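Student: Structure below; questions to follow.
The values are calculated or read from the model by the stated rules, or taken from the named source; none is laboratory data. This one's a predicted model, so the numbers in the text were calculated from it and none came from an experiment. Positions of Cβ are generated from backbone atoms using ideal geometry, with glycine treated the same way; all protein chains shown enter the neighbour counts. Surface accessibility is based on the protein's heavy atoms, side chains included, excluding ligands, DNA and RNA. Shrake-Rupley method; radii C 1.70, N 1.55, O 1.52, S 1.80 Å.
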Amino acid sequence: MTSEADAMPVDPGISLLVIVSTDPSDLFFANQLFRRFRLAGIVLEHQRDAPDTRPRWQKAVSLLNQPGELFKRARAWLGRVWHDRVDRRFYREMPADFGVDGRGLDDAVDCPVLRIDGTGRLNHRETVDWIRECAPDLIVVCGAALLREPILALPRLGVLNLHGGLSQFYRGLFTTDWAIHNREPEYVGATVHFVSEGIDDGRIVFQGRPDLGTDDHPNRCYEKVVRLGVDMMSTAIMAIAGGELPAAQPPATKG
C-alpha cells in the first residue's frame with residue numbers, strides 16, 4: 001500500500017500514540033491518523049488467541065473456578081451468535097468497505113509499531129513498558145481491548161477512545177447494528193470520550209450522527225460512523241494539544 005495523503009502530517013505539538021485492533025475499521029482509523037498527525041507509535045492488537053486444545057471437561061472445570069472469565073466467554077459467545085446472524089443477512093452481500101486503508105497499515109508508516117497477538121495481551125507488562133518508552137502525552141484508541149490502569153496512567157493528557165455509537169444509549173459491540181435492529185436510526189452515531197476502567201463510560205468530548213440515506217445498508221451506516229468518528233477524533237486531538245478542551249456535552253435523552 002502507498003499513502004494517498006496530499007499534505008504532510010501535522011505535528012500537534014504533543015506525543016501521540018494510537019492503539020487499534022486489526023479489524024478493517026480500526027486499521028482505517030490508524031491509517032487516517034497517521035496521515036493527519038505525526039505519531040510516536042502504533043500498537044496493533046490481533047485479538048484472536050490460539051485454540052484451546054484441552055478436553056472439554058477440563059475447560060468446563062477451569063471456567064467454573066473463574067466466574068469472571070465464564071461471564072466474559074458467555075458475552076463473547078452471544079456477540080458471535082448475533083454477529084453471525086447479521087453477517088448472513090447483511091455483511092456477505094453488502095460488506096463494509098474501507099478500501100485499501102482497511103487491509104493493513106500503510107507501507108509509509110514510519111513510526112514504531114508494536115504487534116501483539118492474543119486477547120488480554122494488551123495490558124501485559126511488556127506492552128506497558130513499550131508504550132512507556134514511546135512517552136505519549138495522549139493515547140487514542142479504536143476497537144482495542146479494555147485498557148487497565150497501568151496504561152491509562154501513562155499519558156499526561158489521558159486516553160481518548162472512538163466508540164462507534166452514542167454511548168449513553170448503546171455501549172459495547174455492534175452498536176450500529178443494534179440501533180438499526182431496534183428501529184432507532186437516530187441513535188446511529190459516534191462518541192469520542194476519555195477512557196476510564198468502565199465500558200464506554202468516560203467523559204464525553206464529542207458526539208455526532210452521520211447523514212444517513214434511505215438506501216444505506218447497516219455496513220454503509222457503520223462506514224459513515226467511522227469516518228465521522230475519525231474527523232471528530234482529529235478535532236479533539238488538536239483541541240487538547242492547544243489546551244482548548246471542549247466542555248463535556250450533556251447526554252441526550254430518549255423520548
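Student: Of the conditions (1) on the phi > 0 side of the Ramachandran plot; (2) buried (at least 19 other Cβ atoms within 10 Å of the Cβ), TYR222 fails just one. Which one is it?
Tutor: With (1) on the phi > 0 side of the Ramachandran plot; (2) buried (at least 19 other Cβ atoms within 10 Å of the Cβ) applied to TYR222, the lone miss is (1).
Student: Looking at LEU245, LEU154 in this structure, which one is open to solvent by 10 Å² or more (accessible area, probe 1.4 Å), modelled with pLDDT of 90 or more and part of a loop (DSSP other than H, G, I, E, B)?
Tutor: None of the others qualify; the one that does is LEU154.
Student: Shifting gears a bit: If a residue has to be outside any strand (DSSP E or B), at pLDDT 95 or above and in contact with a strand residue (DSSP E or B) (Cβ under 6 Å, 6 or more places away or on another chain) to count, how many in region 128-150 make the cut?
Tutor: Looking only at that region, the number is 3.
Student: Looking at region 217-235, I want the residues that are farther than 15 Å from HIS193 by Cβ and touching a residue at least 12 places away in the same chain (Cβ under 8 Å) and have a partner that is open to solvent by 20 Å² or more (accessible area, probe 1.4 Å) and among the aliphatic types (A, V, I, L, M) with Cβ atoms under 6 Å, at least 6 apart or on another chain. Which pairs are those?
Tutor: HIS217/MET94; PRO218/ILE180; ASN219/MET94; ASN219/ALA96; CYS221/LEU212; TYR222/ALA96; GLU223/ALA96
Student: Considering only residues that are open to solvent by less than 70 Å² (accessible area, probe 1.4 Å) and under 18 Å from the mean Cα position of the chain (by Cα), which ones fall in region 107-118?
Tutor: VAL113, LEU114, ILE116, GLY118
Student: Okay, next question. For region 124-151, enumerate the residues that are basic (Lys, Arg) and either under 19 Å from the mean Cα position of the chain (by Cα) or open to solvent by less than 20 Å² (accessible area, probe 1.4 Å) (or both).
Tutor: Within region 124-151, ARG148 is the sole residue that qualifies.
Student: Hey, another quick one. Could you check ARG38 against (1) open to solvent by 70 Å² or more (accessible area, probe 1.4 Å); (2) modelled with pLDDT of 65 or more; (3) farther than 16 Å from PRO112 by Cα and say which number it fails?
Tutor: The single condition ARG38 does not satisfy is (3).
Student: Let me ask something else about it. Can you report the number of residues in region 168-196 which are assigned to a loop (DSSP other than H, G, I, E, B), surrounded by fewer than 18 Cβ atoms within 10 Å (Cβ to Cβ) and modelled with pLDDT of 70 or more?
Tutor: 4
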